[in-house]
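Okay, structure first, notes after.
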Amino acid sequence: MVDPASNTVPAVGFDLDMTLLDTRPGIRAAYDALAERTGQHIDSALAITRLGPPLEVELAEWFPEEEIPRIAQVYRSLYPQYAIEPSSAMPGAREAVAAVREAGGRVVVVTAKYERNAKLHLDHLGLTPDVLVGDLWAERKAEALRAHDVGVYVGDHLGDVAGAKTAGALSVGVATGPIPADDLRAAGADVVLPELTAFADWWRGYVAS
């Protein structure tokens, strides 16, 4: 809630994939391009049901461990061409960002995605946060959350809950990714919303309280 001593609204952090953005079509296209480039079968339809963890975790399902650093570089080089255009903002994303700013809060995006590609997504869709930090996952997200005084962190994955709890931020789960609402709640999310469309009203009530 608003800090009564300073009357300031906390910064709000958001995860990217399946929280602010539906990147499934783009990521699927990028995995298909990677499969064609490398000759290695990748079940892209399966891969996009597991979004959240770092790229290397998914690549380990399809490539030998020693090849993963090189393959990750290939994937990231293909990503701008294949993944940006097909991806879209999640329902409620623009309204959520606007609600935070209307209350005087800052918007901080913290994601496991390669930061340069995350910025391409946000620029393409006109969703410009005050701060963007990439390449952080689970508890390591707390590094950025603390550094930017994030008081509320919104995400769809258990890793997002872990990052928020480690940072001492209020964890808001959205059941729009691979993790059901009950599992987000069991992992320690303080608030669980069915989707991001519910965030703006929840946030206004939270600030008012």
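The values are calculated or read from the model by the stated rules, or taken from the named source; none is laboratory data. Because the structure is a prediction, the values reported are computed rather than measured. Using ideal geometry, Cβ is built from the backbone for each residue, glycine included, and neighbour counts are taken over all protein chains shown. Protein only, heavy atoms only, side chains kept; ligands, DNA and RNA dropped before computing areas. Shrake-Rupley method; radii C 1.70, N 1.55, O 1.52, S 1.80 Å.
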About its Cα centre, how strong a charge dipole does segment 14-94 have in debye, to the nearest 20, once Lys and Arg get +1 and Asp and Glu get -1 at the Cβ?
300
Suppose every K and R has +1 on its Cβ and every D and E has -1 on its Cβ; what is the size of the dipole of the chain about the Cα centre, in Debye to the nearest 20?
400
What is the extension gain from E115 to L46, computed as 0.36 nm multiplied by their sequence separation minus the C-alpha to C-alpha distance, in nm to one decimal?
22.5 nm
Using θ = phi - 60° and the Karplus curve 6.51 cos²θ - 1.76 cosθ + 1.60, what whole-Hz ³J(HN,Hα) does each residue of segment 21-34 get, with Gly and Pro shown as x?
10, 8, 9, 4, x, x, 5, 4, 4, 5, 5, 5, 5, 5
Top positive-direction residue, dipole computed over the chain with Cβ charges, set M90, H124, P64:
H124
Based on C-alpha coordinates, I'd like the Rg and Dmax of segment 107-209, in Å.
13.2, 37
Run the numbers on the chain and let me know its relative contact order in percent, using alpha-carbon pairs under 8 Å that are six or more apart.
26
Overall form of segment 97-160 per C-alpha gyration tensor (a/c, 1.5; a/b vs b/c)
oblate
Work from the charge dipole of the chain (Cβ charges, +1 for Lys and Arg, -1 for Asp and Glu, about the Cα centre) and give the residue of P180, V100, V161 farthest towards its positive end.
V100
With a probe of 1.4 Å, find how much accessible area the chain has per residue, and write the answer as a whole number in Å².
45
Considering only the chain, percent of DSSP beta bridges that pair antiparallel, nearest 5
15
Can you give me the three principal axis dimensions of the chain from its C-alpha atoms, in Å, biggest first?
59, 33, 29
If I take all pairs of Cα atoms in segment 1-88, what percentage of them are more than 22 Å from each other?
34
Could you put Y114, Y31 in order of accessible surface area, largest first, with the 1.4 Å probe and the full protein assembly present?
Y114, Y31
Taking the alpha-carbon centre of each part, the distance from segment 178-193 to segment 28-62 in Å is 26
